[in-house]
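Structure first, commentary second.
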Amino acid sequence: MKMDSRLILALDETDVPKALHVLDEVCGIIDAVKINWPLILSAGPEIITTLSQKADVICDFKIADIPNTDRLIIEQSVKRGASGVIVHAFTGTDSLKECVSAAGGRDVFVVTEMSHPGGQEFTAKHAEEFAAMAAECGASGLIAPATRPERIKKIKESASGLLILSPGVGAQGGSASNAVLNGADYVIVGRSIYGSSDPKDAAQKLADEIRALRF
């Protein structure tokens with residue numbers, strides 16, 4: 001995955017023509033597109049292949065199952081063109097190792113702490129443990145909340161060398177600048193871009209905000 005703008009689009013749009021239009025508008029700005037079940041269920045799994053012809057695709061399936069099921073999901077995602085997948089760590093080391101193995105060199109990003117308020121109830125209590133496990137199992141990076149930027153720094157200390165992707169910028173209240181300044185390598189933005197009347201302009205403003213930090 002390239003690292004130009006440090007901006008990843010979370011394309012949680014169920015209107016397929018609109019989703020494709022938005023990506024066409026911003027694909028020259030973003031570094032990757034993250035898709036989740038809303039778009040997959042609307043368009044079918046073939047949308048992974050379609051989008052992969054325009055940008056790197058991260059499948060945000062938050063995979064959390066036994067090792068064999070994890071393997072099957074990731075194999076199908078990669079087969080359809082995914083550059084990366086997002087998985088949970090609470091299922092244990094054996095499942096996480098299987099995810100990394102099944103990815104065959106594609107990126108595996110591990111959720112440490114969810115970005116919504118409820119994320120503080122359970123995942124936050126084990127975020128540093130999840131981060132350390134991700135490093136031990138050979139994952140590419142971590143998901144850490146832009147809504148609580150001080151937590152990004154703590155999580156990064158637990159898994160030095162792994163990429164940090166931070167969701168929650170924009171509609172959830174997180175700041176792109178604060179996330180990057182606290183250690184995020186990429187910020188993930190959804191509604192503030194795809195819900196905008198001018199997605200290209202919205203994406204460009206965020207990219208400019210990050211670029212102004214002079215990294």
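The values are calculated or read from the model by the stated rules, or taken from the named source; none is laboratory data. All values derive from a computational prediction rather than experimental measurement. Virtual Cβ from ideal backbone geometry, glycine too; neighbours counted across all protein chains shown. Please note that ligands, DNA and RNA were not included when accessible areas were found on the heavy atoms of the full protein model with its side chains. Shrake-Rupley method; radii C 1.70, N 1.55, O 1.52, S 1.80 Å.
Can you tell me the FRET efficiency between GLU136 and THR49 if r is taken as the Cβ-Cβ distance and R0 is 25 Å, rounded to the nearest 0.05?
0.20
At 1.4 Å probe size, with every protein chain present, just tell me what the per residue accessible area of segment 1-108 comes to in Å².
42 Å²
So if R0 is 25 Å, what FRET efficiency would GLU129 and LEU181 give, r being the distance between their Cβ atoms, rounded to the nearest 0.05?
0.50
Determine the relative contact order of the chain: mean sequence separation of Cα pairs under 8 Å and six or more apart, normalised by residue count, in whole percent.
Answer for the chain is 19 percent.
Quote the charge dipole size of the chain about the Cα centre in Debye, to the nearest 20; the model charges only the Cβ of Lys and Arg (+1) and of Asp and Glu (-1).
Computed charge dipole of the chain: roughly 300 debye.
Using only helices, what value at 222 nm comes out for the chain when you add -39,500 (n - 2.57) per DSSP H run of length 4 or more and divide by the total residues, to the nearest 500 deg cm²/dmol?
Per the formula, -12500 deg cm²/dmol.
Given THR112, TYR194, PRO149, which one lies farthest toward the positive end of the charge dipole of the chain, if we put +1 on the Cβ of every Lys and Arg and -1 on the Cβ of every Asp and Glu?
Of the listed residues, the answer is PRO149.
Give the label of the value calculated from the structure for percent of Cα pairs over 25 Å apart, choosing from [x] 38; [y] 43; [z] 33.
Correct label, based on the coordinates given: [z].
Figure the gain on full extension for HIS21 and SER160 (residue separation times 0.36 nm, minus the Cα-Cα span) and round it to one decimal in nm.
Gain in length upon complete extension: 46.3 nm.
Using amide H atoms built 1.01 Å from N in the peptide plane, name the residues 5+ places from PHE61, or on other chains, whose amide H lies under 5 Å from its own.
Placed amide hydrogens put ILE86 under 5 Å from PHE61.
With a 1.4 Å probe and every protein chain kept in, tell me what percent of the accessible surface of segment 66-215 is carbon plus sulfur.
Roughly 50 percent, rounded to a whole number.
Quick one: check the C-alpha center-to-center distance for segment 1-42 versus segment 144-183, whole angstrom.
Comparing the Cα centres of segment 1-42 and segment 144-183, I get a distance of 20 Å.
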